[in-house]
Amino acid sequence: MIFECIGKRSEKPYIIKDTRTGIYSLEELFYYIRENVFMLDPEDFGGSLARFIRGRLELPELADKYEDMLSREASFADRICMLFSESRFTGESEVETIRKALTMSEHMSYNDSHRVRGDFFFKSSRLPEAVIEYQAALSLVDREQNPYDAARLLTGLGNTAGRMFKFDSALKYYEEATELNPGDPGIVNKYIVAARLAVKGEGFHELMKKKNIPEDVYTRVLERMREAEKKAMRRDDARSLKEGRKQRAEGNYAGYITLRNNVLNDWKNRYRNTGG
């Protein structure tokens, strides 16, 4: 997608403190707003933004209008939509869509706000922060009155724990989620995957029996896991592991350990960075 440039590109970024994001141009600011409209903090868009627009982007007229709206205590939605409209960055229909979203976010509950932030941090691979937000949201939910909301947050925690390779924790979160929302096959499938990764040997089958998960259900999930493993093993990584096993057979155990650890670390990094 190509946007018309508006103003200069700053050499130093304007920092959105809430998410530690650096903004260098008005186009980047607009893109950030559109992508994160439900998690914007008005404190990140006060007088310092007007000074950035005036000094770094060299758009004094736009800065004047923004400062005037700040002095009149115009709503956050009105201020942001003014920037979009005055810059002609997008059509009026989209501006109104953004206005509705911002107005809605102003009335968003603390629970929803934390959940949205948790989703954002998870997608951004900022996993410890995602855990904090999901847990904050979960602490505000009555599990008896809102079991589905609680299950959704527990699933988010399970996903995050899984990407951190904390499979025992992921299993615990998914188990709680399935108890609250037993009819969701997606959560059940995640629980099975976590169980297979966390529980060794026959303990897995015993757990499936204990949780009354039908054999045909977990068998299908295990088959998909095997298929994914086969695809992964077709990569160059597989050749590295094969070479490592060869070195081990030849008595070069240190070489085997080095190759194996390098491949595993590479898998972990790719997994975290691609939302695996």
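The values are calculated or read from the model by the stated rules, or taken from the named source; none is laboratory data. In this text the structure is predicted, and so the values were computed from the model without any measurement. With ideal geometry, Cβ positions are generated from the backbone for all residues, glycine too; neighbour counts draw on all protein chains shown.
Find the helices (runs of 4 or more DSSP H) located wholly in the stretch 141-250 whose residues include 3 or more that are under 28 Å from the mean Cα position of the chain (by Cα), crowded, with 18+ Cβ neighbours inside 10 Å and free of Cβ contacts under 8 Å to residues at least 24 places away in the same chain, and list them.
Where helices (runs of 4 or more DSSP H) fall fully within the stretch 141-250 and carry at least 3 residues being under 28 Å from the mean Cα position of the chain (by Cα), crowded, with 18+ Cβ neighbours inside 10 Å and free of Cβ contacts under 8 Å to residues at least 24 places away in the same chain, they are 167-180.
Let's see how each residue does on (1) under 23 Å from Tyr218 (Cα atoms); (2) among the aromatic types (Phe, Trp, Tyr); (3) touching a strand residue (DSSP E or B) at 6+ places or on another chain (Cβ under 9 Å); (4) in the same structural domain as Pro42 (by TED's automatic domain parsing):
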{"residue": "Phe121", "(1), (2), (3), (4)": "no, yes, no, no"}
{"residue": "Leu140", "(1), (2), (3), (4)": "no, no, no, no"}
{"residue": "Leu157", "(1), (2), (3), (4)": "yes, no, no, no"}
{"residue": "Thr160", "(1), (2), (3), (4)": "yes, no, no, no"}
{"residue": "Arg163", "(1), (2), (3), (4)": "yes, no, no, no"}
{"residue": "Phe167", "(1), (2), (3), (4)": "yes, yes, no, no"}
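Examine the stretch 85-100 for a residue that is in contact with a Ser or Thr (Cβ under 7 Å, 6 or more places away or on another chain), among the small types (Gly, Ala, Ser) and on the phi < 0 side of the Ramachandran plot, and state whether such a residue exists.
No.
With the requirement that a residue be surrounded by 14 or more Cβ atoms within 10 Å (Cβ to Cβ), out of contact with any Leu (no Cβ under 6 Å at 6 or more places or on another chain) and not β-branched (Val, Ile, Thr), what does the stretch 88-114 give you?
Phe89, Arg99, Ala101, Leu102, Ser105, Met108, Asp112, Ser113, His114
Taking the conditions exactly as written (of a type outside the set (Gly, Ala, Ser) and in contact with a His (Cβ under 8 Å, 6 or more places away or on another chain)), does Leu140 satisfy them or not?
Here the answer is yes, as Leu140 does meet what is asked.
Arg9 fails exactly one of the following numbered conditions: (1) touching a Phe, Trp or Tyr at 6+ places or on another chain (Cβ under 6 Å); (2) of a type outside the set (A, V, I, L, M, F, W, C); (3) not in a loop (DSSP other than H, G, I, E, B). What is the number of that condition?
Failed condition: (3).
Output the number of the condition that Arg56 fails; it satisfies all remaining conditions of (1) more than 28 Å from the chain's Cα centre (by Cα); (2) more than 21 Å from Ile15 (Cα to Cα); (3) basic (Lys, Arg).
(2)
Which one of these is part of a helix (DSSP H, G or I) and modelled with pLDDT under 95: Phe3, Phe30?
Every option except Phe30 fails the conditions.
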